[in-house]
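One structure is given here, and the rest of the page talks about it.
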Amino acid sequence: MITQDIRPILSALLRNRTGAVLVALQVAIALAVLVNAVYVVKQRVDKIGRPTGMDIENIFMVTSAGFAADYDHAATTAADLSWLRSQPGVRAATLTSGLPLSGGGSQNTLYPTPEVKGEGTSMNYFDVDESGIDTLGVRLVAGRNFRADEILPEDPTYRKPVPGFIVTRTLAKALFGTEDAVGKVTYDGLGRPMTVIGVIDHMQGSWVDWDKIGQVGLLPRRAFGPRALYLVRTAPGQRDALIKSAEEHLSVSEPRRVLQYVRSLDYYRDRSYQADRNMAIFLVTVTALLGCVTALGIFALATFNVNLRTRQIGTRRAIGARKADIVRYFMVENWLVTTAGVLLGAALALGVGYSLSRAYQLPRLDLYYLVGGVVALWATGQVAAWQPSRRAAKISPSVATRTV
Amino acid sequence: MLAMRHISKVFRTDLIETHALRDFSLEVAEGDFVAVTGPSGSGKTTFLNVAGLLEGFDTGSYQLDGVDTSGLSDDARSRLRNEKIGFIFQSFNLIPDLDIFDNVDVPLRYRRMKAADRRERITSALDLVGLGSRAHHMPSQLSGGQQQRVAIARAIAGDPKFLLADEPTGNLDSLMARQVMDLLEQINEMGTTIVLVTHDPELARRAQRNVQIIDGQVSDYRPYEPHAPAAREPVPLAAGAGA
Ligand SMILES: Nc1ncnc2c1ncn2[C@@H]1O[C@H](COP(=O)(O)OP(=O)(O)OP(=O)(O)O)[C@@H](O)[C@H]1O
Ligand SMILES: [Mg+2]
């Protein structure tokens, strides 16, 4: 029945196509932008939401810098750690060389042979002590943790080789494939052997935009001074209180250093994802605005058509159209315009998606997004045309005889 | 049969009440050709709108072909309009975006007729009004008289019992007016009841019955008298207007 009605509606539409063409173009652009924007937003949201592998909500960090000539790094860090570890609510604390997810950290290249040839494998490493695993909240899945007596003393020159270290599963796979990594040997840039003693399930490293963010290694070393960076893990819900008390205590406990920052780890994570979040917010805003403008355009076209055809609508009513017939006329007309726009927009969306994926090495546009966008615009069109269509149905049939 | 009894209809605006019809009673029998005349503002269009179910009324009763029309739903009224009534308007009211064929098709589609049925009716209606060869012209490509003939084709394509025409010749010159009148007579002879509102006494005289409305009431009611054959000078449809 509907399809039978379409032909005359379409031929009438084609005779007055200027407005319809403009609105269809608007729909097309809206669809192309919508689909690609939602796709990009989805990727950003996924990126921000990736598991960190760490107990990120309950970790904070402390940085301090010794400045006095008689500043004793070893003594100060020992005192700080023992104070931190003694606080109720603190589960573990460690001195470390870098802050995960912060954008700052150290990277090293590992090689399969002592000759140090070929590409090597990148490792984002963190110096930690025997509390490192516990402090990060990462899960050991094979091998063992460091013993306290294995932790190398501080050494700014890195002259001492690291005999055993812990890797993430991702790094293990990059180094050794699917083989069991524990006990395997790899070589640092100087060709010195390093043996894997443990494997942790997962941990994100320093740089959120790095495609190898999961290739992390933990090295048993006391980070050198005079700057000290501590990671502290608390019991759930205690972090903020402990941040405060740590700040109070450490800023006065040792006059030969200054306390720099005491902040939660998720502060740094959020800061690292700021650009991604801004992009997502921007795209959502633009898309919402475009959606509103498109709905307004459809609404305006339908309203214009209804006003233009007042007498025609009255005549149709006079010769037998029910109110529902009038509503359907305008809904079908609108649907035809939206569909033309949606078809054009789908082609546009695929084109834009393809060139975006070429330009930014993004994965190709998922067709589900296109289907979703098409449905969304169809729905937008019908919602926007509903009120004018209802208004058309209210036009009295007597308009046909009363207007000259 | 079309029977109005004691109909009144009031238009209320902020300033005034207009009694467009007052205690208005009229019967139109099947097969009649009634011409309605009267001064401007007397209520002719209001009567026709009530008769054609385009407007309601305040008091009284109105039976259309045996159906009591008061209390009918909007859909039921639309359906009655579609099936029993053909409307012809002073300004033709063709749909400008549809060609002649599709214009005649409009009421048939609202009746949910099959395509083959519709095609047959459209063709024969257009043939009857002498515009069969113009089926795919647009209304703007036709003269006024031709447009009104298309409107007549549209009105009769659904084979209604009643044809209501509000000054159908008001926008036409006298030659075209006579063609339209000839056509209406021809349709009446085929059995359709016609109510024609006109200002033209010449045309009114050609009807079987004349009704005069003054101030919302039937003031003069001239019953059927067989009219003199001399009054009829049919103008050949296919000639003159260039159909
Ligand atoms: N919608 C309306 N609102 C208010 N008053 C109306 C309305 N329609 C008609 N009227 C009034 O009702 C009265 C009858 O109007 P109607 O159109 O029936 O007259 P008519 O006999 O057809 O006149 P004409 O010969 O000029 O067409 C007039 O006084 C008119 O002003
Ligand atoms: Mg009138």
Looking at A:LEU175, A:LEU229, A:LEU242, which one is under 19 Å from A:ASP134 (Cβ atoms), in a helix (DSSP H, G or I) and either among the hydrophobic types (A, V, I, L, M, F, W, C) or touching a residue at least 40 places away in the same chain (Cβ under 8 Å) (or both)? A:LEU242
Single match in A:ILE166, A:ILE151, A:ILE133 (criterion: buried (at least 16 other Cβ atoms within 10 Å of the Cβ), among the hydrophobic types (A, V, I, L, M, F, W, C) and not assigned by TED's automatic domain parsing to the domain that holds A:ASP209): A:ILE133
I'd like to check something: does segment A:30-50 contain any residue that is among the aromatic types (Phe, Trp, Tyr), crowded, with 19+ Cβ neighbours inside 10 Å and outside the structural domain of A:LEU367 (by TED's automatic domain parsing)? no
Scan (1) away from chain A (no Cβ under 14 Å); (2) more than 30 Å from B:MET176 (Cα to Cα) for the single condition B:SER78 breaks and write down its number. (1)
In this structure, is B:PRO139 more than 14 Å from the chain's Cα centre (by Cα), in contact (Cβ under 8 Å) with a residue 40 or more places away in the chain, within 14 Å of chain A (Cβ to nearest Cβ) and more than 16 Å from ligand 2 (Cβ to nearest atom)? yes
Consider only pairs whose beta carbons are under 7 Å apart and that are at least six residues apart or on different chains; among these, list those whose first residue lies in segment B:41-53 and is more than 6 Å from ligand 1 (Cβ to nearest atom) and whose second residue is assigned to a loop (DSSP other than H, G, I, E, B). B:ASN49/A:SER398; B:ASN49/B:GLU55; B:VAL50/B:PHE57; B:LEU53/B:THR69
Residue that is surrounded by the fewest Cβ atoms within 10 Å (Cβ to Cβ), among those in segment B:52-75 that are within 11 Å of chain A (Cβ to nearest Cβ) and on the phi < 0 side of the Ramachandran plot: B:SER73
Output the residues belonging to segment A:95-141 that are part of a strand (DSSP E or B) and over 22 Å from A:VAL182 (Cβ atoms). A:LEU95, A:SER106, A:GLN107
Return a yes/no flag: does segment B:147-154 have any residue that is crowded, with 16+ Cβ neighbours inside 10 Å, within 16 Å of ligand 1 (Cβ to nearest atom) and of a type outside the set (D, E, K, R). no
With A:ARG17, A:ARG44, A:ARG50 as the choices, which residue is within 14 Å of chain B (Cβ to nearest Cβ) and of a type in the set (D, E, K, R)? A:ARG17
Subset of segment B:89-104 (residues that are more than 7 Å from chain A (Cβ to nearest Cβ) and not in a loop (DSSP other than H, G, I, E, B)): B:ILE100, B:PHE101, B:ASN103, B:VAL104
Checking A:SER355, A:SER389, A:SER398 in turn, the sole residue that is in contact with a helix residue (DSSP H, G or I) (Cβ under 6 Å, 6 or more places away or on another chain) and either modelled with pLDDT under 95 or within 16 Å of ligand 1 (Cβ to nearest atom) (or both) turns out to be A:SER398
Report whether or not A:ILE6 is of a type outside the set (Ser, Thr, Tyr) and within 14 Å of chain B (Cβ to nearest Cβ). yes
Can you tell which of B:GLY38, B:GLY31 is within 11 Å of ligand 1 (Cβ to nearest atom), at positive phi and either more than 13 Å from every other protein chain (Cβ to nearest Cβ) or under 16 Å from the mean Cα position of the chain (by Cα) (or both)? B:GLY38
Please work out if B:GLN179 is over 23 Å from B:MET1 (Cβ atoms), at pLDDT below 95 and either surrounded by fewer than 23 Cβ atoms within 10 Å (Cβ to Cβ) or not aromatic (Phe, Trp, Tyr) (or both). yes
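The values are calculated or read from the model by the stated rules, or taken from the named source; none is laboratory data. Source: prediction; values computed, not measured. No Cβ is skipped: glycine too gets one built from the backbone with ideal geometry, and neighbour counts run over all protein chains shown.
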